[in-house]
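The values are calculated or read from the model by the stated rules, or taken from the named source; none is laboratory data. This is a predicted model, so every value here is computed, not measured. As a convention, Cβ positions derive from the backbone with ideal geometry for all residues, glycine included, and neighbour counts pool all protein chains shown.
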Amino acid sequence: MPRILVVTVVHDPEDSRIRHRQIPALLADGWQVTYAAPFRAYHRPEPLLPGLRTIDLPRAVGRDRTRANRIARALIKAEAGEHDLVLVHDPELVAAASGLRLRNLVWDVHEDPAAALVAKDWLPGRAKGVIGGAWRATERLTERRHRLLLAEYDYQSRFARPHPVVPNTVRVPADVPEPGLDRVVYLGTVTMARGAAEIARVAEIVATSTDGGCRLEVMGGARDAESSRLLSAAAEAGHLVWHGFVPSDVALAKLPGALAGLSLLHNLPNYRHSRPTKIVEYMAHGVPCITTPLPVAVELVESAGAGIVVPFDDPEAAAAAILALRAEPDQARAYGAAGHAAARAAYDWNTAGPAFTATLRGFLPR
C-alpha cells in the first residue's frame, strides 16, 4: 500500500484540487495519505477519513512566511522517509525543501509563481521583477531534481522537459436542472484582482433592475480588507447574499438551477494562461457562464457555447448579460446544456482522477 505525504502552507485545507479531488482519488486507489495543512489558521476541521492522517501547520501569508516554511521543512525532513512520495502544493515548499536531497518529492504546479507576483500587494514593486527572474531559474533547476505535475497544459512552455498534466476538472453529474430566473452565483475566493468591485456593482444593478427578483449569491471568503468591505456593504444593502467560505461539496450543491455564474478575473499575467476552475464548475452543473476575456476562459466558454464573454472592468456589461439571459430563458437553457455536455466530455474528474493516481504510481521508487 503506497504512502504519500501531501503538504501545503498556503492553500486553504479545503482547496478543491487538493482536498476534494486529489485526496479522495488517492484514498479510493488504496493509498495511505498524510495531509499536512494550516487547518487551525483557516479555522477548518481536520477531516476524519479512513486511510487519512492529518497534521496541522502554520499558514504562510503576506510577509509572514519564514516560520511556516521552516516548520514545514522540518516536517518534510522528518516524514519523507516514512512515505513513498511527498506531494507539495506551494512553490515555496520546493525552495524550503532544498538541501534535503529528497528523491521522492513531487511538486504540483497550480500556478505561475513569477506571474502571480504582480497581484501580491505585500511585495514591494522593485522586488517583483528580481524575485520573478530568480523563480524562473529555480523552476528550471527544480525540474532537474524532482517530479512535476502541471495543472495547465500551457504551463509546459515554462519548462525544458515534458511533465504530466493533471487539469482542474470536476465531478460532473449525469443530469442537471435548467437555469432558473432568480439566482446568479459566484464561487471561489474573492479578491480585488478576482473582481470584487465588479461583483458588488453587478449585484446592485441586477437586484435593482429586477426589483429584487434576481440576486447574486457569493460563496467564498474575501482575502483582503477592501473586498470584504465591498461585499459586506452590498449584502447589507440587500443586493447580494454573501455566504462566506462554504465547503466545496456544499457550494457545488448550490450551483444547479442558477441563471448564470460569474468569473470576472482581471487581466493579470497569472490568469492569462490558467483555466478558471469556477467556469468548469458552472459548466458541469448546467449554469451559463459570464466571463472576462482571458484567453483560456474565452476558448473554454466559446468553444463549448457555454456563455457570454464581457469586457474587463465593466460590471455594467456583465449585468446586462445577466438581464439578457433572464429575458431569454431559451438562450440560457442552450448555454447551460452545451456547457454541461462539454464538461462531461472533457472535464470530468471521474475520468481524470484515476489518471492522476496512475501518474503518481508511476513516480513510485522502483
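Please verify whether R194 is out of contact with any Cys (no Cβ under 9 Å at 6 or more places or on another chain) and surrounded by 19 or more Cβ atoms within 10 Å (Cβ to Cβ), treating the condition exactly as stated. In short, yes.
When G286 is tested against (1) assigned to a loop (DSSP other than H, G, I, E, B); (2) at pLDDT 95 or above; (3) more than 22 Å from A174 (Cα to Cα), just one condition goes unmet, and that condition is (3).
Of the residues making up segment 46-76, those that are in contact with a helix residue (DSSP H, G or I) (Cβ under 9 Å, 6 or more places away or on another chain), basic (K, R) and part of a helix (DSSP H, G or I) are R70, R73.
When you scan segment 280-291, do you find a residue that is over 21 Å from the mean Cα position of the chain (by Cα) and either more than 24 Å from V176 (Cβ to Cβ) or not assigned by TED's automatic domain parsing to the domain that holds N104 (or both), even just one? The answer is no, given that none of the residues of segment 280-291 is over 21 Å from the mean Cα position of the chain (by Cα) and either more than 24 Å from V176 (Cβ to Cβ) or not assigned by TED's automatic domain parsing to the domain that holds N104 (or both). Take A80 and decide whether it is at pLDDT 90 or above and either surrounded by 19 or more Cβ atoms within 10 Å (Cβ to Cβ) or in contact with a Ser or Thr (Cβ under 7 Å, 6 or more places away or on another chain) (or both). Yes: the conditions hold for A80. Pairs linking a residue in segment 143-156 that is assigned by TED's automatic domain parsing to the domain that holds A97 to a residue that is among the basic types (K, R) and outside any helix (DSSP H, G or I), with Cβ atoms under 7 Å and 6 or more positions apart or on different chains, are E143/R161; E152/R275. Residues that are touching a strand residue (DSSP E or B) at 6+ places or on another chain (Cβ under 9 Å), part of a helix (DSSP H, G or I) and either outside the structural domain of I18 (by TED's automatic domain parsing) or not hydrophobic (A, V, I, L, M, F, W, C) (or both) within segment 78-101 comprise E79, E82, P91, listed in sequence order.
Taking the stated definitions as given, is R17 modelled with pLDDT under 95 and either at positive phi or in the same structural domain as R275 (by TED's automatic domain parsing) (or both)? It is false that R17 is modelled with pLDDT under 95 and either at positive phi or in the same structural domain as R275 (by TED's automatic domain parsing) (or both).
Per-residue answers, yes or no, for (1) outside the structural domain of I23 (by TED's automatic domain parsing); (2) surrounded by fewer than 24 Cβ atoms within 10 Å (Cβ to Cβ); (3) at pLDDT below 95; (4) not hydrophobic (A, V, I, L, M, F, W, C):
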| residue | (1), (2), (3), (4) |
| --- | --- |
| G238 | yes, yes, no, yes |
| P247 | yes, yes, yes, yes |
| K254 | yes, yes, no, yes |
| L262 | yes, no, no, no |
| K278 | yes, no, no, yes |
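G261 meets each of the listed conditions (1) in contact with a Cys (Cβ under 7 Å, 6 or more places away or on another chain); (2) assigned to a helix (DSSP H, G or I); (3) within 22 Å of G220 (Cα to Cα) apart from (2). The set of residues in segment 150-165 being more than 16 Å from H273 (Cβ to Cβ) and in contact with an Asp or Glu (Cβ under 9 Å, 6 or more places away or on another chain) consists of A160, R161. Hey, any hits in segment 50-57 for a residue that's under 19 Å from T357 (Cα atoms), among the charged types (D, E, K, R) and without any contact (Cβ under 8 Å) to a residue 24 or more places away in the chain? Within segment 50-57 (the criterion being under 19 Å from T357 (Cα atoms), among the charged types (D, E, K, R) and without any contact (Cβ under 8 Å) to a residue 24 or more places away in the chain), the answer is yes, since at least one residue qualifies. The set of residues in segment 155-203 that are of a type in the set (D, E, K, R), under 22 Å from the mean Cα position of the chain (by Cα) and assigned to a helix (DSSP H, G or I) comprises R158, E198.
Out of E316, E299, one residue alone is in a helix (DSSP H, G or I), within 22 Å of the chain's Cα centre (by Cα) and over 26 Å from A253 (Cβ atoms). It is E299. Residue count for segment 156-184 under the criterion of being crowded, with 17+ Cβ neighbours inside 10 Å and farther than 25 Å from P24 by Cα: the result is 4. Among the residues that make up segment 26-33, is at least one of them crowded, with 21+ Cβ neighbours inside 10 Å and in a strand (DSSP E or B)? The answer is yes; a qualifying residue exists. Among residues of segment 42-67 being small (G, A, S) and modelled with pLDDT under 95, the one that is surrounded by the fewest Cβ atoms within 10 Å (Cβ to Cβ) is G62. Among the conditions (1) assigned to a helix (DSSP H, G or I); (2) surrounded by 17 or more Cβ atoms within 10 Å (Cβ to Cβ); (3) assigned by TED's automatic domain parsing to the domain that holds S248, A334 misses just one, which is (2).
Only one of the numbered conditions (1) out of contact with any Gly (no Cβ under 7 Å at 6 or more places or on another chain); (2) more than 26 Å from D108 (Cβ to Cβ); (3) of a type outside the set (K, R) is not met by A284, and that is (2).
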